[in-house]
Structures are given as structure tokens and as C-alpha cells.
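As C-alpha cells, the structure follows; a few thoughts come after it.
The values are calculated or read from the model by the stated rules, or taken from the named source; none is laboratory data. Predicted model only: the values in this text are computed from it and were never measured. For neighbour counting, all protein chains shown are included, and Cβ atoms are generated from backbone atoms with ideal geometry for every residue, glycine included. These accessible areas exclude ligands, DNA and RNA; they are computed on the full protein's heavy atoms, side chains included. Shrake-Rupley method; radii C 1.70, N 1.55, O 1.52, S 1.80 Å.
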Amino acid sequence: MAEVATSARKRHDGISDDSDRRLRAVALVGIDGSGKTTQAHRLADTLVAAGVPADYWQNAGGRRWFGRIARRLGRRDAQRLLGRNGMLVAESVLRWLAIARALVRSTLRRRVAVMDRYAVCQYASIRAHRGDRWEPLARLLYRIFPAPDVTFLLAVDPAEAYRRIERRGTDHESMEYLVAADAAYHSLPEFPTFVVIDANATPDEVSRAIQERLRHWSREAVVATASTVGQA
């Protein structure tokens, strides 16, 4: 029983019982403004610098792109343009295509796929937008994809995420949505498997925390602190 508990704890911490296992995919997930894009870019760059072939992949669902179109047409956001159900369907399909491309190309090239968002982001989006009836269909659609070797949840206070989004000035999210999205990630059945990182810290501190957890996973994933800067 103690061995089972230890094994479960290691999986939750992103630690493998086999330190020689080859790293294939790492996902960074979390609400908008949590720093996913910054940290995924940093991790991919740092793995490459350490001699581990890796690629960054942005698995967006198109909500920001549709939002820009909506504003040009005088609508407030993507949901006002396509409707809640239409946006969730479009987002689910576009994210599925992005993840499929990333996995196929990374597998063929034998490179680590560093995923900026993954399937669980779609499930969280569906829950946050109260489109619960779509979640079973989305899970059926996405079940073809293997779980990443490690999934980092960048946990950030919604108020801090809101400040970051407003500061970058390229899009907008309401506090109500950010709070709902945060709750959605924590309510997912996959949540116990996530490695939770405090993303309220500075980008450098978050990078070090990610790399410290990841280095336990495989000898090839022992990496140095990334030198790139930015905020997502």
C-alpha cells in the first residue's frame, strides 16, 4: 500500500519511476494570463539548448482570432459573433487539428512536443462557458490523443491574470470568465494528474519551478534556467 501511495505521489509530482524514459510531450495549461505561452517557449528553447530536440506548439482554438473578426464587425467578442455553441464547436475542431499536427510532426521527427495548451484546455473552456452538453462529445473527439508525459497547470490568481491581460492589450477577458475558467480546471477529473505550479511568481521563478519538477522525470530533461523573457 505504501508503494502504491508513493507511486501515485510521484505521478502527481511529474516524476517517473523510470528515470531513463524518453520525454515525448509536455503540456502547459491554465487560464488566460497564466503565462503558458511564455513558459512553453522558454521550455522548448531550454531543452534545445541542453541538446534535447524539442519544438514549441501553440494549440489555440481560434477564440482570439474570431474575437478580432467580431470586433471589426462591430460585435463585442467571438461568442457574440458565432454564438456560444458555434464558438465551442469551432474551438474544439481547431484545437483538435492543432494538437494532431503537433503530435504527428513531433513523433515523426522524434522531437519533444512542448504544448502550449492541450485537450484539457478544451474541456475547461466548455465548462467555463457552461456548454456542459458538449463535453462528452469533445472527450470522444480528443480521446485519440495520448496524455502528455507531464502536464503543468500554471495556477494564477484570476485578478493577477486579468491585470496581465489588460497590460498586454491584445485581447480582453472578464473577471467573471477568468474565475469560472480557474474553477473549471480544478474541477476536471484530470486535475489530480497535473503538476501545479504557482504562476503568480515572476517568469524566471516559474521557469525554475517547472524545470525543477521536470528534471525528475528523465535524465534527458535536466535543463538550465531559460534566458528568454516575456509574459503570456
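Considering only the range 1-74, give the helices (runs of 4 or more DSSP H) lying wholly within it that have at least 3 residues that are modelled with pLDDT of 50 or more.
Because the criterion is at least 3 residues that are modelled with pLDDT of 50 or more, the helices (runs of 4 or more DSSP H) in the range 1-74 that meet it are 36-49, 63-72.
Restricting to the range 144-182, what's the tally of residues that are open to solvent by 40 Å² or more (accessible area, probe 1.4 Å) and not acidic (Asp, Glu)?
Residues that pass the stated criteria total 14.
Among the numbered conditions (1) over 13 Å from the mean Cα position of the chain (by Cα); (2) surrounded by 20 or more Cβ atoms within 10 Å (Cβ to Cβ); (3) of a type in the set (Phe, Trp, Tyr), tell me where TYR185 comes up short.
The single condition TYR185 does not satisfy is (1).
Are there any pairs with C-beta distances below 6 angstrom linking a residue in the range 37-53 that is over 14 Å from ARG111 (Cβ atoms) and touching a residue at least 24 places away in the same chain (Cβ under 8 Å) to a residue that is among the small types (Gly, Ala, Ser) and assigned to a helix (DSSP H, G or I), with the two at least 6 apart or on different chains, and if so which?
Short answer, once both residue conditions are applied: ARG42/SER207.
Would you check which residues across the range 112-127 are in contact with a strand residue (DSSP E or B) (Cβ under 9 Å, 6 or more places away or on another chain) and not basic (Lys, Arg) and list them?
Of everything in the range 112-127, those that are in contact with a strand residue (DSSP E or B) (Cβ under 9 Å, 6 or more places away or on another chain) and not basic (Lys, Arg) turn out to be VAL112, ALA113, VAL114, MET115, ASP116, TYR118, ALA119, VAL120, CYS121, ALA124.
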